[in-house]
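Trainee: Once you've had a glance at the structure underneath, I'll fire off some questions.
The values are calculated or read from the model by the stated rules, or taken from the named source; none is laboratory data. These numbers come from a predicted model, not from an experiment. Cβ coordinates were reconstructed from backbone atoms using ideal geometry, including for glycine residues, and neighbour counts include every protein chain displayed. The protein model used for the area step is the full one, side chains on, heavy atoms only, and it has no ligands, DNA or RNA in it. Shrake-Rupley method; radii C 1.70, N 1.55, O 1.52, S 1.80 Å.
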Amino acid sequence: MLEKNYTPKDFEEEIYKDWEESGDFQPDMRSSKDAFSIVIPPPNVTGVLHMGHALDNTLQDILIRYNRMQGKKVLWQPGMDHAGIATQMVVERNLAKEGISRHDLGREKFIETVWQWKEKSGGTICKQLRRLGASCDWSRARFTMDEGLSRAVRKIFVHLYKDGLIYKAKKLVNWDSKFMTAVSDLEVVQKETVGKMYYYKYPIEGSANEFVHIATTRPETMFGDTAVAISKDNEKLKQLIGKNCIIPIINKVIPIIADEHADPEKGTGAVKITPAHDFNDFEVGKRHNLPLVNILNPDATLNENTPFAGLSTMEARSKTIEKLTELGYMEKIEDHPMVIPYGDRSGVIIEPLMTDQWFVDAPVLAKEAIRVVEEGKMEFVPKSYEKTYFEWMRNIQPWCISRQLWWGHQMPIWYGPDETIFCEETEAEAQAAAEKHYGKAVELRRETDVLDTWFSSGLWAFSTLGWPDKTEYLETFYPTSVLVTGFDIIFFWVARMMMMSMYMMKEVPFKKAYIHGLVRDEHGQKMSKSKGNTVDPMETIEKYGADALRFFMAAMETQGRDINMSESRIAGYRNFATKLWNAARFGEMNECKTVEGFDETQVNLAVNQWIIAKAKEATKEVTQNLDNFRFSDAANSVYQFVWGSFCDWYIEMIKPLLYGENEADKTETRATFAWVLDRILVILHPFMPFITTQLWNNTAERSVKLIKAPWPKKEQIDESVMHKVDWAIDLISDIRSLRAEMNLPAGAKLTVYLKDMNNQSKQNMKEFRTIICSLSRLEKLEEFSGEITPDMVQSVFKEGAILLPLKGVVDFAAEKERLRKELEGLNKRLEGYAKKLNNPSFVDKAPATVVDEEKRRQSEALESKAKVEAALQRIVNL
RNA sequence: GGGCGCUUAGCUCAGCUGGAAGAGCAUCUCGUUUACACCGAGAGGGUCGGGAGUUCGAACCUCUCAGCGCCCACCA
C-alpha cells in the first residue's frame, strides 16, 4: 500500500542503504556489453557538499544510472583529494585553538594529526553524496594519499624526472607569505584595486641637479633595484642612458640602461628595475646581466638588504615615503587603479620571490594533450571549450609543482652529501643509486618539499583504476567514457589529466569532457559565504527530497550556461514527484497491476494505444537527449509526458472505462496503466531514483530491481493512433475553453452539436462519446444535421442547456487553411533550392559540403511537404 | 589588449540543422468532479536589445551599434 502522502524523507535513505548493501553500484563484469565509466572529480577531504557538487554529481549519476540500465559494465569511481593547502589550513586552525602551531609538533607528528583528523572529520561530503543518490561504487573509493595512489605518484614522478621533464631551478615564483610556499600561476587571483602611484626621483651620480624621475606603485622595492631602464627611442630621456644614478636612503649606485621594456608613453618613461621581485624586471635583468637583490623574508617582511628589516611591506612603504619626502626626493602621489595578485586560498598578496623550486616541463607535455583534442580523440561538450583549452595549452608555462608544505606527497628526491640528486621511487633505491654513484654508502637527505595537490589529481583517471598494476579494471574502464566537471577547473584539472595521461598511458583519460556552468543564486549572483547567499543542498534535500533537487539540476542544465537557483522551481519538481505518487495511488486504488507478459502492441482501445505510443515517444526523446548530453531536454520530455499526457489526459480519459461496466475494457486498461507506469519509472529513474524505486517496489512483485531494469530498446511508434485521440483532446479543449469564456455556472448542462461531420469524425465521436462528455462535462454530444430540431430547442429551454454556435467546435476550415499555407511555403522553399542547385555559379563556387548540405535540406523539405500533404488529406477526409 | 558568452512573456530561462514564438513561477477568472489544493479547468501577457543585409522565408546566418557577464594576459 502506498502512503497517502509523498514524504521522501521516509524512504530515500533506506532505499540508498539497500542499493549500497546489495552491491548494486558495482559493475557487472559479466556483461557482454560495452563498458561505461566515469571518475568522480575528487572532492576535497575537507569538503562539504555545495550546490556545485550537487549539480556535478547529479549529472554524473544520471549518466551512470542510464548506462547501467542499458546493461553495460558501469563503473563510477569515487574518491577524495587530500587537498594540500586546504587541509593543512583546517588542521592548523584547529591546533591554533589549543595554542599549538605545527612547528611545535614537528613534521612527523603534524602529519599524523592530519591523518587522525581525516579519519575522524574528513569526507563528510561522501555521506552527503550518498544522500543525493550518487551511485558510486564506494567499495572502490580512493584517496589521493592512499598507498596505491602514492606509489603511482612516485612512479610517474621518477619517470618524468628521468625523462628530463621534471627539473629543479632557481626562479622567480609566486610566493604565498601566509603558507610560506610557492604556488602555481593558477592559484593566484588578480583583483582590481585602487592603489597609489608614487612619483619620486633618483639623483644622477656626479651631478648636483640632474635626476631621473621614477613612477612606481611599490616604492619599498627600491632597495632591490639594480638598474633604471629607459627606452633608447625615448628622445627626451635617452641622454641619461649609460649614466649611473643613486638610490636614496641607502645611497646605492645603479646603472641607467637602455631597454625596450621602458615604454616612453607610460609612467615617467624611466622604470626602476627590481629583478628579484617582478616578473618583467626579472627578464630585463636577465638581458642585462643585472644582479638580483632579494629584499624579502619568506613571511613577506623586509630583510637586512633594506633599512627596514622586519617591517611588513606596507609599513616599509610608508617609512620609505616618509624618508624620501624628508630627503626631498618625493614628487607626487596619485590614485592609480591597479591589479594586485592574491593567493586563492590564503587571501594574502602574492609576492614574486626567487627560490629553488621544482618544475614540470608543461610545454612539452602539452603537445600530445593538444594533438589528441585536435584529432577529436577527446571531445569537449559543449565544443566551444575546446578553444579555451587550446588557448591555454598553447601558451602554457612550466608548472611549479613544489610546495613548502607538510601535508602532501613528499617528493621522491634525495640529496647526497655534495647535493647530487637521486630520484628514485623508494629510499632504498635511492640509497642504492647513491652507493653506486659514490662507490660507498652515504647519508642521504630527503627533499622536504611536497607536490602540488593537482599533481596527484592529474593521475586520477588511471591511478584509481589500479595503475601501475595491470588490473582488470584498468583494462576494462580506461579510457573512461566521460568526465563531468565545471569550467572553472579545466586548467587546474582537465588539462593536467590530459597531459599526465597522454604522457604515461599514451591514451586519453576520457573520451569526452562534459563541461557545465556555475550554480548561482536566484538573481544570477555568484554564491559566496561572504555574501550570505549560499543555499545548502542538504537543507534543500531535507525540505523537498533529493529527487526534487536532482530533477531541478537536470531540468536547468542547458549546455554552456550557468544555473540560477530557484526554490520555487525545486518546489515545482517536488510537486511533480507528488503528482506521480498520486497517479500511482490512483492505479493502486483501481487495481492496475503489472501483468506479466503483457504485450503492449496488442491492445485494442484507442486511449490505451495512444498512451503507449506517447510513452514510447517520450522514451525515444529521453534516450536521444541523454545520448547527446541534453539534460534539460531529457528531463522535460519525461516531465511533459508524465504530467501532461499521463496525468492530465490519460487518467481522466480512462476513468469512465474503469468505473464502467465493460470488463474486457477494464482489464485491458488496468494492464495498460500498469505498463505505462512501469515505463515511467524506468525512464524517470536516472533523474529521480528514489521515488521511482519506492513506487517500483510497492506497486508490484518484481523479479528485477529498478536500478537494473532494462532500458527500452528502439521501438516502433504507432503514429496513426495518435490522431484519433488528439481529435478528441482538441474537441474537449475547445469545449472547455468555450464553457469558461461563456462563464457558465459550474453545474450548467451543455449540449454540443457538431456539424460538417464525415465518416471518420462520426466514428470518432461514437468511440469517444463517453470520454468527451465526461471530460468536458457535456450533457449530450450530437451531430448537427443542418436543421434546428425541436429536440435541440427543448434541450435549451427545458434542461437549461446551452446550445453552442452550430459551427462545429474544431475549426477544420482554419486548420485546412493553415496547412495549405504551409504547403505553399514549402513549395516556395523547394523552388528556392531548385534555383540554387541549378545555378552553376553556386554549384561551382561552393565547397562540396555546402552543396551536399543544400541537397540534404532540399530532401528534408520534400519530406516535410509529403507530411503536410498527408495531414491536409486527413483533414479533407474528416 | 586577446578570447568566449549573453540580451526572447512581470521574473528565471528553453528554443538542437533558418520553415507560422515555448516552459516553470507569478498574475487574473472559475472549480471541494471518488489520485492529487504540493490540485484541476480556462485566460491574459512577447514589434525575440537597436539598425542594416542575405533569403521565397530570420529569434536563429552576416555586418554594425548599445548594454551586461566570464576567462586569459598586461599595467612603472
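Trainee: Look through A:D488, A:D469, A:D418, A:D452 and report the one residue that is within 26 Å of the chain's Cα centre (by Cα) and surrounded by fewer than 23 Cβ atoms within 10 Å (Cβ to Cβ).
Mentor: Criteria check complete, one pass: A:D488.
Trainee: Restricting to segment A:623-664, and then to whatever is more than 10 Å from RNA strand B (Cβ to nearest atom) and among the polar types (S, T, N, Q), can you tell me which residue is modelled with the lowest pLDDT?
Mentor: A:N662
Trainee: Any residue at all in segment A:263-284 that is touching a Cys at 6+ places or on another chain (Cβ under 8 Å) and within 24 Å of A:I340 (Cα to Cα)?
Mentor: Checking segment A:263-284: not a single residue is touching a Cys at 6+ places or on another chain (Cβ under 8 Å) and within 24 Å of A:I340 (Cα to Cα).
Trainee: Please indicate, with yes or no, whether at least one residue in segment A:651-671 is surrounded by 22 or more Cβ atoms within 10 Å (Cβ to Cβ) and of a type in the set (F, W, Y).
Mentor: no
Trainee: What tally of residues in segment A:306-346 results from selecting those that are open to solvent by less than 50 Å² (accessible area, probe 1.4 Å), β-branched (V, I, T) and under 34 Å from the mean Cα position of the chain (by Cα)?
Mentor: Residues that pass the stated criteria total 1.
The rows are residues; the columns are (1) under 29 Å from A:P337 (Cβ atoms); (2) polar (S, T, N, Q).
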{"site": "A:Y167", "(1), (2)": "no, no"}
{"site": "A:F179", "(1), (2)": "yes, no"}
{"site": "A:V183", "(1), (2)": "yes, no"}
{"site": "A:E187", "(1), (2)": "yes, no"}
{"site": "A:T193", "(1), (2)": "yes, yes"}
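Trainee: Of the conditions (1) touching a residue at least 40 places away in the same chain (Cβ under 8 Å); (2) of a type outside the set (V, I, T); (3) within 12 Å of RNA strand B (Cβ to nearest atom); (4) crowded, with 17+ Cβ neighbours inside 10 Å, A:E386 clears all except one; give me its number.
Mentor: The single condition A:E386 does not satisfy is (1).
Trainee: Let me ask something else about it. Restrict the check to segment A:406-425 and report whether at least one residue is within 16 Å of RNA strand B (Cβ to nearest atom) and not in a loop (DSSP other than H, G, I, E, B).
Mentor: no
Trainee: When segment A:171-192 is examined, which residues are found to be near RNA strand B (Cβ under 10 Å from one of its atoms) and open to solvent by 50 Å² or more (accessible area, probe 1.4 Å)?
Mentor: Answer for segment A:171-192, where residues must be near RNA strand B (Cβ under 10 Å from one of its atoms) and open to solvent by 50 Å² or more (accessible area, probe 1.4 Å): A:D185, A:V189, A:Q190, A:K191, A:E192.
Trainee: OK, next. Please give the number of the condition A:I349 fails out of (1) at negative phi; (2) open to solvent by 60 Å² or more (accessible area, probe 1.4 Å); (3) out of contact with any Leu (no Cβ under 8 Å at 6 or more places or on another chain).
Mentor: (2)
Trainee: Could you count how many residues in segment A:693-746 are part of a helix (DSSP H, G or I) and within 16 Å of RNA strand B (Cβ to nearest atom)?
Mentor: So the answer is 21.
Trainee: Which numbered condition trips up A:K4, out of (1) closer than 24 Å to A:T464 by Cα; (2) part of a loop (DSSP other than H, G, I, E, B)?
Mentor: (1)
Trainee: Just need a number here: residues in segment A:523-565 that are over 16 Å from the mean Cα position of the chain (by Cα), within 13 Å of RNA strand B (Cβ to nearest atom) and open to solvent by 60 Å² or more (accessible area, probe 1.4 Å).
Mentor: Total satisfying the criteria: 4.
Trainee: Within segment A:288-303, can one find any residue that is touching a residue at least 12 places away in the same chain (Cβ under 8 Å), assigned to a helix (DSSP H, G or I) and surrounded by fewer than 20 Cβ atoms within 10 Å (Cβ to Cβ)?
Mentor: Yes, the conditions are met somewhere in segment A:288-303.
Trainee: Give me a count of the residues in segment A:245-273 that are open to solvent by 50 Å² or more (accessible area, probe 1.4 Å) and either within 15 Å of RNA strand B (Cβ to nearest atom) or not in a loop (DSSP other than H, G, I, E, B) (or both).
Mentor: 9
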